Amino acid sequence: MVHIVGAGCGAPDLITLRGKKYLEEADVVIYAGSLVNPELLAFTKENCEIHDSAKMTLEEVVAVIENAEKNGKTTVRLHTGDPSLYGAIGEQMREFEKRGFAYDITPGVSAFAGAAASLGAEYTLPDVTQSLIITRVAGRTGVPEKERLRFLAAHGTSLALYLSTGLLKEVTEELLSAGLAPSTPAAIVYKATWQEEKIFRCTVETLEETADKNRITKTALIVVGDFLQSAFSRSRLYAPDFETEFRKVKK
């Protein structure tokens with residue numbers, strides 16, 4: 001059996017109870033290198049076989065799992081955050097299915113959620129925006145043309161940018177091309193929820209300068225949008241004159 005487990009965004013106690021249970025039971029753990037907090041490996045049993053996938057190809061990962069399956073062992077494939085976001089699990093599951101391996105997926109707390117918690121922010125504020133776009137800027141790996149950052153940012157929604165910290169010049173150019181004002185609020189959240197976490201609030205025009213000044217080159221989430229400001233309307237959901245199935249308006 002293969003358990004694909006989301007490790008969460010950093011703090012070891014943010015892994016789910018199910019994920020922790022699978023780690024404790026695993027015979028083999030393949031974890032996503034420096035992206036996963038190594039403190040999580042302390043949950044494994046003494047004789048657990050541990051591999052760092054940062055040094056492995058897909059073929060090598062599958063070979064380790066294939067050997068475990070042949071010997072009746074349980075494997076945990078430990079991914080950072082939530083495995084459904086930039087976890088490259090699709091190609092792994094395809095290989096598992098070819099070989100008839102049973103597998104399941106345990107979700108995890110993604111960096112966009114951890115960063116919002118650390119910032120004390122809500123992405124979906126009344127009269128500001130009701131949408132969050134999770135994406136990345138094109139780098140060594142491209143993105144579909146229709147998903148270029150300038151097109152997505154033009155919607156004016158909250159943005160969470162993964163895998164883009166080393167490309168902030170390009171990020172800034174794309175955001176400005178989308179029509180965002182240079183003064184649009186932004187933040188760089190380095191290692192959200194880790195002990196090493198650092199938060200740098202800035203604007204679209206100062207993103208690259210802020211990262212350079214603080215020597216942030218990777219392992220950070222970029223968030224952009226007016227949700228980072230303090231001005232917003234009260235939610236209608238809890239307004240005294242807003243009637244719901246569970247709460248009637250008091251006359």
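The values are calculated or read from the model by the stated rules, or taken from the named source; none is laboratory data. Note that this is a predicted model, so its numbers are computed, not measured. Heads up, the Cβs are rebuilt from the backbone with ideal geometry, glycines too, and the neighbour counts pull from every protein chain shown. Quick note on the areas: whole protein, heavy atoms, side chains included, nothing else; ligands and nucleic acids left out. Shrake-Rupley method; radii C 1.70, N 1.55, O 1.52, S 1.80 Å.
Quick check: net charge around T206, other residues with Cβ under 15 Å of its Cβ, Lys/Arg +1 and Asp/Glu -1?
Numbers: positive: K169, R201, K213; negative: E173, E205, E208, E209, D212.
Residues near T206 contribute -2 overall.
Here the accessible area is traced with a 1.4 Å probe on the protein chains. For the range 84-146, carbon and sulfur cover 51 percent of it.
Over all distinct Cα-Cα pairs of the range 1-123, the Kirkwood formula returns a hydrodynamic radius of 14.5 Å. Taken per residue, the accessible surface of the range 158-251 reaches 61 Å², heavy atoms only and a 1.4 Å probe. Over the chain, the reciprocal of the mean inverse Cα-Cα separation, the Kirkwood hydrodynamic radius, stands at 20.0 Å. For the range 1-65, a simple Cβ point-charge model (Lys and Arg +1, Asp and Glu -1, everything else neutral) yields a dipole of about 220 debye relative to the Cα centre. Applying D = kT/(6 pi eta Rh) to the range 20-63, where Rh is the Kirkwood radius over alpha-carbon pairs, T corresponds to 37 °C and eta to 0.692 mPa s, the Stokes-Einstein value obtained is 301 µm²/s. Using just its DSSP H runs of length 4 or more, each adding -39500 (n - 2.57), the chain gives a mean residue ellipticity at 222 nm of -7000 deg cm²/dmol after division by all residues.
Pairs of Cα atoms nearer than 8 Å and 6+ residues apart set the relative contact order; for the range 1-119 it is 43 percent.
Of all beta bridges that DSSP places with both ends in the chain, some 40 percent have antiparallel geometry.
Among V29, V143, V171, the residue with the largest mean-square fluctuation in a Gaussian network model of the chain, with springs joining Cα atoms closer than 10 Å, is V143. Look at the dipole of the range 183-251 built from charges on Cβ: of Y190, V204, F242, the Cα furthest out on the positive end belongs to F242.
Evaluated at q = 0.16, 0.17, 0.22 Å⁻¹, a Debye calculation over the C-alpha positions of the range 55-148 (equal weights, vacuum) places log10 I(q)/I(0) at -0.87, -0.94, -1.20. Farthest toward the positive end of the dipole of the range 1-121, out of I105, N37, L23, is the Cα of I105, where the dipole comes from beta carbon charges about the Cα centre.
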